[in-house]
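Each remark here refers to the structure printed beneath this line.
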Amino acid sequence: MQAHGLVDLGQAGDGRVDAIRSGRASNDSLALQGLSVLHSSAFLWHHPAATVQAAMRRYLRFFCLRLLGVTLVSFVLHAGVHAEPCGAPSRPLKTPDRGLAGPCGVYATIPAQDEYGRDQLAMFHSWNPDPVGNHETNLRTLHPVLARVVQKTKADNPNLRFVIGSGRRDGRLQRMAVAWGWSRTQDSPHRTGRAVDLWPLDRESRISFDPQAQNRIAVALRKAAAELGVPIRWGGRFHGFKDMDRSHFELVPP
């Protein structure tokens, strides 16, 4: 259209000079605008592939980033919903969870083998398949005086988590203990319920023989025993056969 305007004004008569000059000025401006548009169109015409490829690359980059972001957010939300600790309020520790296998197994933090290369997990499972579920039963088998000390320790320290790993033992269990090197005598105070082994639980209700946790249990139990006037021996001060048996507590013989 601009080109037609220039031709029309160029064919005007000589008697209308002012109008022609005015028209020429106006058409000069239009011509410049047209050249600018033509230059832009020429670039797009001569470089359509490069322009489209660049635009596609930007779009794909944006799409991939968005997809990655959505995937990461979904993963985090999924993990937050489903990766709850064992024994959490929304996932109570059930009997199957307290078994030997799996990340929620009660013995999940225990090394698979002991220092002699034996199958330690199988030994623990044979010894006490469900220490959490068996706690109250084992408590009732203890000497009444020792049972009161354990109960007071729990009552006075609600955040101190532990269970009875071994209470009163029958002949079979005591023979196993001696055969495995867990005891040195058949005449153990466990046989009469005058000894108890307390095992710490971690935040996920798994047995964890953490020395610091065992020391906290020892401090709490000895304090409870002192308040009840009950003399107690702690295995953490044993020497010789089983040095530092931090889980073991027994009544002092009369």
Using 0.36 nm per residue, how much length does the chain from M123 to N215 gain when fully extended, once their Cα-Cα distance is taken away? 30.7 nm
Assuming R0 = 51 Å, can you tell me the calculated FRET efficiency for the pair W180 and R61, based on Cβ-Cβ distance, to the nearest 0.05? 0.20
Ratio Rg/Rh, restricted to region 131-254 and using Cα atoms, in which Rh is the Kirkwood radius: 0.93
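Every read-out reported here was derived from the displayed coordinates using simple, explicitly stated rules and does not represent laboratory data. Keep in mind it's a predicted model, so treat the numbers as computed, not measured. All Cβ positions, even for glycine, are placed from backbone atoms using ideal geometry, and neighbour counts span all protein chains on display.
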